[in-house]
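Down below is the structure, laid out as C-alpha cells.
What follows is calculated from the coordinates using simple rules that are stated; it is not laboratory data. All figures in this text were calculated on a predicted structure; none of them were measured in a lab. Quick reminder, even Gly has a Cβ in these numbers, built from the backbone with ideal geometry, and neighbours come from all protein chains shown.
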Amino acid sequence: MQNNQVVAPKGLFRKWFDKEGSAYGFLSLYALLFIVFIVVPVLVAFVLSFTFFDTIQFPTYNGLKNYVVLLTQDDIFMRYVLPNTIQFAVLVGPGGYVLAFLLAWILAQLPKLPRTIFALILYSPSMTTGVAMAVVWAAFFSGDQNGYLNSFLMGLRVIQEPVQWLQSPQYLMTIMIIVTLWGSMGVGFLAMLAGILEINPELYEAGSLDGISNRFQEIIHITIPSMKPQMLFGAVMAIVSTFQAGAIGVTLSGSNPTPQYAGQLIVNHIEDYGFLRYEMGYAAAVSVVLLLMVLLFSRLANRLFASED
Amino acid sequence: MRKKLIKRFTGIRNSGINPKGFHPSQIKFYLILLPLTVVMVLPIIFIFSHAFKPPDELFAYPPRFFVTNPTFKNFSDLFTKMSNSGVPVSRYLFNSILITLVTIAASIIVSTTAAYALSKKRFKLKKMLFAVNTVALMFVPIAVTIPRFLLIERLNLMDTFLVHILPGLAMPVGLFLIKQFIDGIPDEVIEAAQIDGASDVWIYWEIVLPMIRPAIATIAILTFQATWNNADTSTLFINSESLKTFAFYLSTLTSTAAGANVVAGQGIAAAAALIMFLPNLIIFILLQSQVMSTMSHSGLK
C-alpha cells in the first residue's frame, strides 16, 4: 500500500528526469557558479541598499533613506561623481564604440596579412588594462621634468615648468579618457570586424544597382543593417567595459578619493563608502544605481540595433 | 542602362571588403591607419624598451624612449629580490601561473557543458535561461564588489586558493560565444549519434568539443586576460602573502613608486610589467585566427 503512494510522484519525476535531467546536469556547474557569484551578489546589493549596515552590527532596515540621501544630500555624488561618470561614459562609451566600428571598417578594406597585423596592434592595448600599464603611464605622465610628456613639451617650449599631470584636477579626467579609449579596442571591436567581413558581397552589388554611389551611403544602408547583431554585441561590450574601467582614475592618481574628486567615478564612490568608510548599505545603494545605469544604456543600444525578426 | 552597368562594375571593385591583394584605392586607408597605430603601439614598445634599460638610462635627463645599452639586470634584480614581507618574487609568479592554468581549464569545462545544454538539448526553461544569460552580459562585476566580499566571507573562502578561481568561472560572455558557436553544428550530427545509442557525455566529449576548438580558444583567452591581470582578488580576499599573485606584486611596486622606493623600484617594475604583458601578446598571436572565427558567430539578436 505504502509503496503505491510513492510510485505515482516518483514516476512523474522519473519521466521528467529521463527527458530533461541530462540537460540540467550539463547546466548545473555553470548555474551554481552563476547563482552564487552573480545572482546572489546582485540581490544582496539590492537588499542591503535598503538598510544601514556598518559590517559590525547586523543590517537594520531603513527604507529608501540611502537613495534619498544619495539624491538630495550627497554633495560629492551630485557635484562630482555623477557629472564625471556621465562625461566619462559618454566620451568613452559611444566615442570608443564609433572609433572601434570605423577602425574595423577600414581594416576590412585591406588584404588579410596587413589587416591581421593592424588588428593585433589595435587590440593589444586592451590586453594590458590595469597593473602593467600603470608603469607606462607613471613614466609618461610623471610630474617632474623626467616625465616624458613634460620633457617633450618643455623641449618644444610649450610649457616652462613641469606639470603634475596626474595630480591636477584639470588634466586628470582628460588623461583618464584618453588612456581608456586607447585600450578600448577589445572583444567588441573584433566582433564588429568579423561581422563586416561576413557580409555577403552580393549585397554591395545589389546596393550599387539600387543607386548607392559612395562608401558612406554603403555603410549606412548596407554594412550596418547587415550586421546589426554584431553591432549590438559590440555596443553591450562597450557599455560594460566603460563602467568596468571606472577604477582608472584611482590607478592613475594613486589615491581614492582622486585629487579634488576630479577623476571620481561612480565605481570609486562605491569603494570609498564601502571599504574606506564601511557604510555598506549606502555603498550598496550606489551599486544598484550603477547597475541600473548599465541596464538603461544597454536598453538604449537594444533599441538602436534590435533585429527586426 | 550603360550608366548602370558601369556603376555596377565600379561598385564591385570599390566595395573592396576583404580584398585579395593590394590595390591603389587602399592607400588612403593605410594613410589613416599608420599614424594611428604608431600612436597606439608606442606604449607597448615602451614596455619592452623600458624593461631592458640600465639605471642610468631609466633616470636619464632628458628621458630617452628607446634603450641604447639593453641589459637583463632588471630581470635578475626582480628575481633575486624579496618582497617587503619576505616572499620571493618567483612565488608570486608561480601562484599566478598555477591559478591561471587551473582557472582556464575549469572555465572551459563549466562554459562548454552549459553551452552544449543551452544549444542542443531540449528542455522547458531553455529559452528563459539563455535570456537570463544575455541580460547578464551587461553585468559589471566591479559594481557588486561589496556583496561579493560579504558572500566570500560567509562561504569561508577568504584567504584560500579557491577564491582566485571560483568567482570568475561563470562568465556570461564566454557562455554566450560558445553557445552561438555550437548552434553552428548541424542538429543532424547530434541526432545521428543519438540513434547509434551514444550517451550525452560521449556526444559532448567526442563530437561537440572537437568541433568547437575556436570557441574554446576564445574563452581560454578571455579567461586568461581576466585571471592573469587580476590584482583585485589578492588585495580584497587574500591576507597571507604566499597566496597572492604576480599582478598584485606589480601593483605594490607601482604604488610605492610614488613614495620612497622610486629609484630602486622603477627598473624592477618595468621588468615585471613586461613579464605581465608578454604572455597576453603571445597567446593572442597564437590563437587570433580562432578568435576571429568565433567572433563571426558573436551577433546578439
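Okay, here's what the table says:
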quantity: Estimated inter-spin distance, B:Met82 and B:Tyr61, nm [label 7 Å along Cα→Cβ]; calculated: 3.5 nm
quantity: Averaged over B:181-191, number of beta-carbon atoms from partner chains that fall within 10 Å; calculated: 0
quantity: Cut-off 12 Å (backbone N to label point 7 Å along Cα→Cβ of B:Ser293), residues of the stretch B:211-245; calculated: B:211-218
quantity: Dmax and Rg, reported as Rg then Dmax, of chain A (C-alpha, Å); calculated: 25.5, 99
quantity: Cα gyration tensor category, rounded, prolate or oblate, for chain B with a/c compared to 1.5; calculated: oblate
quantity: In nm, spacing of pseudo-spin labels at A:Ser307 and B:Phe72 (7 Å Cα→C-beta vector); calculated: 5.3 nm
quantity: Dipole-positive endmost among B:Ala136, B:Ile97, B:Ile212 within the stretch B:78-295 (Cβ charges, Cα centre); calculated: B:Ala136
quantity: Cβ neighbours within 10 Å from other chains - mean over B:158-167; calculated: 1
quantity: Residues of type aspartates and glutamates that A:Lys15 reaches as a straight line, Cα spacing below 20 Å, ignoring anything fewer than 8 places off in the same chain; calculated: B:Asp200
quantity: Above-threshold pairs, the threshold being 25 Å between Cα atoms, out of B:Lys28/B:Lys301; B:Lys53/B:Lys244; A:Lys19/B:Lys301; A:Lys19/B:Lys120; A:Lys112/B:Lys120; A:Lys228/B:Lys127; calculated: B:Lys28/B:Lys301; B:Lys53/B:Lys244; A:Lys19/B:Lys301; A:Lys112/B:Lys120
quantity: Theoretical gain in end-to-end length, A:Thr116 to A:Phe58 [0.36 nm per residue, Cα-Cα removed]; calculated: 15.3 nm
quantity: Computed over the stretch B:106-189: relative contact order in percent, which uses C-alpha pairs under 8 Å that are six or more apart; calculated: 61 percent
quantity: For the stretch A:1-152: Kirkwood Rh in Å [reciprocal of mean 1/r, alpha carbons]; calculated: 23.1 Å
quantity: Ranking of A:Asp74, B:Asp183 by count of other Cβ atoms within 10 Å, fewest first; calculated: B:Asp183, A:Asp74
quantity: Cα-centred dipole magnitude for the protein assembly as shown, charges only on beta-carbon of K, R (+1) and D, E (-1), debye, nearest 20; calculated: 1420 debye
quantity: Gyration tensor verdict on the protein assembly as shown (Cα atoms; rounded if a/c is under 1.5, prolate if a/b is larger than b/c, oblate otherwise); calculated: oblate
quantity: Segments B:113-123, A:173-183, B:172-182 sorted - mean Cβ within 10 Å per residue, highest first; calculated: B:172-182, B:113-123, A:173-183
quantity: Under Karplus coefficients 6.51, -1.76 and 1.60, residue-wise ³J(HN,Hα) of the stretch B:185-198 in Hz, glycine/proline x; calculated: 7, x, 4, 4, 4, 5, 4, 4, 5, 5, 4, 6, x, 6
quantity: Signed unit charges on C-beta, dipole axis of chain A, positive-most listed residue A:Ser255, A:Gln57, A:Asn84; calculated: A:Gln57
quantity: Solvent-free Debye scattering, log10 I(q)/I(0), computed from the Cα coordinates of the stretch A:92-213 at q = 0.09, 0.16 Å⁻¹; calculated: -0.40, -0.88
quantity: Distance between modelled label sites at A:Met78 and B:Tyr30, nm, 7 Å Cα→Cβ extension; calculated: 5.8 nm
quantity: Aspartates and glutamates with Cα under 19 Å of B:Lys73, excluding same-chain neighbours fewer than 8 positions away; calculated: B:Asp56, B:Glu57
quantity: Sites B:Leu162 and B:Ser90, calculated FRET efficiency, Cβ-Cβ separation with R0 30 Å, nearest 0.05; calculated: 0.85
